[in-house]
Structures are given as structure tokens and as C-alpha cells.
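The values are calculated or read from the model by the stated rules, or taken from the named source; none is laboratory data. All of these numbers come straight from a predicted model, not from anything done at the bench. Here Cβ is always computed from backbone atoms with ideal geometry, including for glycine, and neighbour counts include all displayed protein chains. Ligands, DNA and RNA are excluded from the accessible area calculation, which covers all protein heavy atoms including side chains. Shrake-Rupley method; radii C 1.70, N 1.55, O 1.52, S 1.80 Å.
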Amino acid sequence: MSGLEKALFNLKFTTKQLNRQAAKAGKDETAEKAKLEKAMKAGHNDIARIYAQNAIRKSNEKLNLLRLASRIDAVSSRVQTAVTMRQVTGSMANVVRGMDSAMKAMDLEKISAVMDKFETQFEDLDVATGYYENATSSATAVGTPQEDVDRLMNQAADKAGVELHQDLEAATPAKTKVGPTEQEEEGLNERLRALRS
């Protein structure tokens, strides 16, 4: 096993480890969401907020681990391409030697067989190179924005069938209008009746 092949093995092993850690973070996120719902049903909103922050942190951790695994997999693909290129180069050297001996003998059948083998290997290289050059990378930012925490708490409250108490509304001021006022609603109803007539 050459140094390049050892590096390829280590990269693939690291990618698998990162994917396992991401799966564990996903399970932890689910557990934190369950604790969040339980705390909200019990009316412990302060504790629920902590669980919501933990769930979002675990979610971000999972995403970061998956992104890192993807980056390492991209490097692994490039190393795989290098290993493949080295193998094909060796095969091409053998083909060239075969072509030399065929050219000396001028045996057309032998030349044709060598050329067919060369074309097959070249096509295989082309397919392998095309596959391994599809690599991506991205940057991440870690944090738990307040809006995400509040959104998750609202989702958990809806799922648990619990209403959030006034302390949550006091903690974060309302930013959007929920629906039309009663007067606007009446105006819309009148317009709808006029359109139906």
C-alpha cells in the first residue's frame, strides 16, 4: 500500500467518523427537543428555553460535522483521482511497451488489440475522473439566534398542545402583524360580497 493509498484510507475513515458524530448530534438534538416539549407541558419556560438552545446548538453541530465530512470526502475524491491516474499511467506504460513490440512485428491484429485495450482504459479513466472531480466546499457560522430559539419553542408548544405564557411575549417584542383587524375584516367581507353579486 503506497503513501497515497494510506492517505486515501485515512480520509475515508475520517469521513465515516464525522458522519457517525453527525448522526449522534442529530439524536442528541431529537432528545433535547423531547425535553423541551416536556418542560413546556410542565410550564417551565425558562428550562424549555435552555433545551431549545441546546437543540439548536446540536442541530448546528450536526450541520457543521456533515459539511466537514463533505469537505474531507472532496479531498478524498481528489486523492482517489491521483491514485487512479497513477494506476492508469502504469497501464499506459505497459500498453506503450506492447505497442512497441507490436510495431516491430507489424502484426496488425496485435496492434488493434493493444489499441482497443488502450481506448477501454482511457474511457475508464475518463469516467473515473469525471466522477471524482465533483467536489464541493462551503463555509459555516455557528450560533443560536434568538429567532430560531423562539421559532423552535413555538413549534414545540404547538406539537405539545401548550400555549406559551406572557413571559415569552414580554421577552421578545412582536415584530409582525398576525392578521387583519376586525374593521379590515369587515371591509374585505363587503368587497367579497360585492364581487359575488
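Every condition in (1) without any contact (Cβ under 8 Å) to a residue 12 or more places away in the chain; (2) over 30 Å from residue 110 (Cβ atoms) is met by residue 73 except one, and the failing one is (1). The set of residues from region 1-42 being over 25 Å from residue 75 (Cα atoms) and touching a Leu at 6+ places or on another chain (Cβ under 9 Å) comprises 33, 36, 40.
Determine if region 103-122 includes at least one residue that is closer than 16 Å to residue 21 by Cα and either modelled with pLDDT under 90 or open to solvent by less than 90 Å² (accessible area, probe 1.4 Å) (or both). No.
So that you can scan it fast, the table gives a plain yes or no per residue for (1) open to solvent by less than 40 Å² (accessible area, probe 1.4 Å); (2) among the aromatic types (Phe, Trp, Tyr); (3) under 30 Å from residue 82 (Cβ atoms):
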site: 3; (1), (2), (3): no, no, yes
site: 12; (1), (2), (3): no, no, yes
site: 22; (1), (2), (3): yes, no, yes
site: 39; (1), (2), (3): yes, no, no
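Number of residues in region 47-87 that are more than 30 Å from residue 32 (Cβ to Cβ) and open to solvent by less than 60 Å² (accessible area, probe 1.4 Å): the value is 9. Between 90, 43, 26, the distinction of being surrounded by fewer than 19 Cβ atoms within 10 Å (Cβ to Cβ) and not in a helix (DSSP H, G or I) belongs to 43 only.
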